[in-house]
Amino acid sequence: MAPLMVRALGLLLLGLAALSAQGEEQRSRWLGNTFRIDPSIEELTLIIERTSPSTPVVLIKPDGSKYYYQRHPDHINWASTDTRDVITLWRPEPGPWQATGKLAGEHGITLLSVFRLSIDELPARVYQNEVIRLNGQLMHGDTRLDANYYLEGLRLLAQLYSRGDEENDQAYPQPPLRLAEFVDDGTGLDAVAEDGQLTAEVVFDAAPGNYLFQAEVSNGVLARYAEQEITLYPMPVHARVTTPDSQRQWRIELETDSDILDDSLVVTGQLLTPLEQRLPISGQGRQIELPPARQPGNYHWQGRVFATTVDGREIQLNMKEQLVRVAPPLVREAPKAAPPPPWWQGWPLWAGVAGLTLLPAGGGFWWWRRKRINAADVNEK
């Protein structure tokens, strides 16, 4: 993997008070709005402080020609605020220069030579949704520049430029994909506020493919860039939340490709329940048990997977939020009995019952009547 290439693309805003003995002699001359540029200088940045309010200064070259904030060659970078001009000169003409305007006393003009952005190099293989910690700092020689060098409000911007179709990109340039932006304010992973060193986590949330990764450290008018060509590989771990079973038990199931060691998976995250409860989730292996889903409704799970690649690199992967809707359990109801038919629809039954009841009674009456008749006949004889 090629090392990070650092180049100056933006506007510069720094002051450097520590100068050589020769620099201090030159600085005494700057009090009269005049400064001298040595023939060996390839690049130079001027920080010109002005009284407020005032308009940008006018630079007068050794040959008497002038540079203006609104009118200057393209190879000169010039930024201006209410109280400051920041001008970068490339291969400036050697000799005495002048800056005309309302300069702010003895701190009116400061010269600064080339400085650089130092940032961690990305690994050779970066995965989709991988989380990578970046450390960035602005250096002048071996000195890290901090808030004492006018670096208040320092930010780190990480972004990707697509390299998928260069011919089409030239005809229809695509905007960069912004990954993250962080501030030198001592929050998050940034240890100390305004110390000139930023530490941040960048999530490579983009489709697999070829990209130019660019990290920029800037405070609005100062900017330094570090770039690296990378290939973003498909995400090597996939997570799936199962459907709760009849006992309301469920789990997270992980699948990995050949880049990941099977026994290296560790999961952390959070489960948001329908009752707005945030339950911490953690575990090891391919199956992570979840708390029973006793409450019906929407569950949201999001987390990170920590794993080790086959070449021994420890990686973090940001898992996208998954929504699972849990339905209420089914209740089996007993079948309802059919309503009895109207009484008049049961006449055949009632007729049968009446017949069975009256038949013995009629037979008994006939027997009794026959017996009386026979007894009467006997008496008459």
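The values are calculated or read from the model by the stated rules, or taken from the named source; none is laboratory data. Remember, it's a predicted structure, so these values are computed and weren't measured experimentally. Every residue, glycine among them, receives a Cβ derived from its backbone with ideal geometry; neighbour counts consider all protein chains shown. The protein model used for the area step is the full one, side chains on, heavy atoms only, and it has no ligands, DNA or RNA in it. Shrake-Rupley method; radii C 1.70, N 1.55, O 1.52, S 1.80 Å.
Subtracting the Cα-Cα distance of Arg71 and Arg163 from their residue separation scaled by 0.36 nm leaves 29.6 nm. Taking all protein chains as shown and a probe of 1.4 angstrom, Ile47 keeps an accessible surface of around 0 Å². Phi-derived couplings, Karplus 6.51 cos²θ - 1.76 cosθ + 1.60 at θ = phi - 60°, listed residue by residue for the stretch 43-51: 9, 8, 10, 9, 10, 10, 8, 10, 6 Hz, with x used for Gly and Pro. Computed from label points 7 Å out along Cα-Cβ, the spacing between Asp63 and Thr83 is 3.7 nm. Karplus-based coupling profile of the stretch 270-282, in residue order and whole Hz: 8, 10, 9, 8, x, 8, 6, 7, 10, 9, x, 10, 7, with θ = phi - 60° in 6.51 cos²θ - 1.76 cosθ + 1.60 and x standing for Gly or Pro. Below 11 angstrom from the Cβ of Arg313, what's the summed charge of the other residues (Lys, Arg +1; Asp, Glu -1)? Residues near Arg313 contribute -3 overall.
Each label point was placed 7 Å from the Cα along the Cα-to-Cβ direction; for Ala206 and Arg36 their separation is 4.9 nm. Close amide H partners of Arg251, meaning residues 5 or more places away or on another chain with modelled amide H under 5 Å apart, are Thr242, Leu290.
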